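The values are calculated or read from the model by the stated rules, or taken from the named source; none is laboratory data. Quick caveat: nothing in here was measured; it's all calculated off a predicted structure. Methodologically, a virtual Cβ is constructed for each residue, glycine included, from the backbone with ideal geometry; neighbour enumeration extends over all protein chains shown.
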Amino acid sequence: MGLATRRMVAEREALIQIDFLTAILRTSNIRYSFFMEADDEFMREALTEARAARDKGEVPVGAVVVLEGAVIGRGHNEVITLTDPTAHAEIVALREAAQSLGNYRLAGAVLYSTIEPCAMCAGAILHARISRLVYGADDPKAGAVVTHFGICSTDFLNHRVMIDGGILEAECREVIQSFFREKRKTDTSAERCESG
Ligand code: ZN
């Protein structure tokens, strides 16, 4: 068996083992009590980032990348500030994490995002080999993980991501909804001013 084939077999076996462990963990209460406490804590960090975006007038989405219990990257939506259509919270956080590790692959890392990632970010999560994605609220428009496409559930890069949605869902949704509520209010008053 050639080296490349052996590597492919090893990667397949690793995936099967991960699936098996995930299946056990998913049915275990231990996982939930252990993971969920940490999940809430890191999602609060992502929410802090989302509020930083809101304060700049950006759609409030925040993300953090966590490795071995430590935040190694954080980011918030900055598309307007940076004049960069790729400056979504997840991309900014992934870039910082890769820089701080000195490695473009972030195996073993968990990405927390306040909103279900879009197609671009879900693709970047796969390319970065993120092990687990935790998000707050679904995005019925652009969500590409569960709502549309199921990008993180395919294994075309021989990589599968564990996905947990709905962490601090109400808070994550409220940050976005209150932003648009406020925006509608100011937009209406601006129109009123214009029309005298
Ligand atoms: Zn995105």
- Query: Of all the residues that make up segment 75-117, how many are outside any helix (DSSP H, G or I) and within 11 Å of the ligand (Cβ to nearest atom)?
  - Reply: 11
- Run SER100 past the list (1) over 21 Å from ALA53 (Cβ atoms); (2) over 15 Å from the mean Cα position of the chain (by Cα) and report the number of the one that doesn't hold. (1)
- Task: Of the numbered conditions (1) within 11 Å of the ligand (Cβ to nearest atom); (2) touching a Leu at 6+ places or on another chain (Cβ under 8 Å); (3) touching a residue at least 60 places away in the same chain (Cβ under 8 Å), LEU168 fails exactly one; give the number of that condition.
- Result: (1)
- When MET120 is run through (1) free of Cβ contacts under 8 Å to residues at least 40 places away in the same chain; (2) within 23 Å of PHE179 (Cβ to Cβ); (3) away from the ligand (no atom under 14 Å from the Cβ), the failure sits at (3)
- Looking for whichever is among the aliphatic types (A, V, I, L, M), crowded, with 22+ Cβ neighbours inside 10 Å and at pLDDT 95 or above here; the options are ALA98, ALA122. Which one fits? ALA122
- Filtering segment 48-74 down to residues that are assigned to a strand (DSSP E or B) and touching a Lys or Arg at 6+ places or on another chain (Cβ under 8 Å), which residue is nearest to the ligand (Cβ to nearest atom)? ALA63
- Item | Subset of segment 123-135 [more than 9 Å from the ligand (Cβ to nearest atom) and among the aliphatic types (A, V, I, L, M)] | ILE125, LEU126, ALA128, ILE130, LEU133, VAL134
